[in-house]
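Bear in mind these aren't lab numbers, they're just calculated from the coordinates by the rules spelled out. None of these values were measured; they are calculated from a predicted model. With ideal geometry, Cβ positions are generated from the backbone for all residues, glycine too; neighbour counts draw on all protein chains shown.
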Amino acid sequence: MALNLNLSDFKEAVGMGTRPNRYEVTMKIPNSSYEMKAEVSALSLPDSNVPPIGVPFRGRVLKLPGDRRYATWGFTVYDTIQKGNIWKELHDWSERINEHFTNKTPFVYEEDTQNWSIAHYDLNGQSKIKEIILHNCWPSNVGSFDLAYGAMDTLAQFTCQVEYEYFTVQS
């Protein structure tokens, strides 16, 4: 079969596409009034995989589906002070999970995890294309951010990684 080089067919199939900058997050921090929305400057939708279970049989390997695994999810945050100190809020949450000084774990699962959502919108920002709900999130890493006398024309940002039980996709 010949390669289709017709631009009109491609345009019809792709349309206007989607834009990676049309998203909104809702990330409430437990035991706090802080809720992240616009502060999240970059993210990827979370991934999951089902690794194969290899079963050897007479020189060949039968691949059966294994157990689903969810990767740690990361995002980048603007360091803001308008609604509070988000870097400190995330560290306080992490402290409630495992204390820095005493190494105690006052973590109460039902109180210290939170469902977060990521909504991806159409070109006009009017309709949700998809929404991903991350169930029972908690921060596993609150990243550092750089401070430098020579830094110009930029906002301070840091990264954060969270663990979660699973995600659901809604449209």
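The modelled label-to-label distance for the pair Asp92/Val55, using points 7 Å beyond Cα in the direction of Cβ, is 5.3 nm. Within the shell of other residues whose beta carbon sits under 12 angstrom from the beta carbon of Cys160, the net charge comes to -4, with Lys and Arg scored +1 and Asp and Glu -1.
What does the convex hull of the Cα atoms come to per residue for segment 80-171, in Å³?
On the way: hull volume 13.4 nm³, N = 92.
Residue-normalised Cα hull volume stands at 146 Å³.
Principal axis extents of the Cα atoms in segment 126-165, from largest to smallest and rounded to whole angstrom, are 40, 32, 7.
Restrict the search to segment 64-146; then list the GluC sites (Glu not before Pro) that DSSP places in a loop and that have at most 14 other Cβ atoms within 10 Å of their Cβ. Before the final figure, lay out the partial values.
Values: sites: Glu89, Glu95, Glu99, Glu110, Glu111, Glu131; in loops: Glu99.
Here the sparse-neighbourhood loop sites are Glu99.
What do you get when you divide the Cα radius of gyration of the chain by 2.2 N^0.38 Å, with N the number of residues? Spell out each step's value before the answer.
Values: Rg = 21.0 Å, N = 171, 2.2 N^0.38 = 15.5 Å.
So the Cα radius of gyration is 1.36 times the expected 2.2 N^0.38 Å.
For Asn115 and Asp153, compute 0.36 nm times the residue count separating them, minus their Cα-Cα distance, and round to one decimal in nm. Present the calculation step by step, with values, prior to reporting the outcome.
Values: separation 38, 0.36 × 38 = 13.68 nm, distance 3.43 nm.
The span from Asn115 to Asp153 would gain 10.3 nm if fully extended.
Between the Cα long axis of helix 86-97 and the first principal axis of the chain there is an angle of about 90°, rounded to the nearest 10.
Simple rule: put +1 on each Lys or Arg Cβ and -1 on each Asp or Glu Cβ in segment 77-171, find the dipole, and look at Thr159, His91, Ile132; the Cα lying farthest toward the positive end is Ile132.
Backbone amide hydrogens, once placed in the peptide plane, bring Asn141 within less than 5 Å of Gln161, excluding anything fewer than 5 places away on its chain. Give Lys83/Lys128; Lys83/Lys130; Lys37/Lys88; Lys37/Lys128 a once-over and call out the pairs whose C-alpha atoms are over 19 Å from each other. Result: Lys83/Lys128; Lys83/Lys130 exceed 19 Å. Distance between the 7 Å Cα→Cβ label points at Gln126 and Asp47: 3.5 nm.
How would you order 33-43, 70-80 from highest to lowest mean count of nearby Cβ atoms within 10 Å? All intermediate terms of the calculation are to be shown ahead of the outcome.
Values: 33-43: 15.2, 70-80: 16.7.
With the highest mean Cβ count within 10 Å placed first, the list reads 70-80, 33-43.
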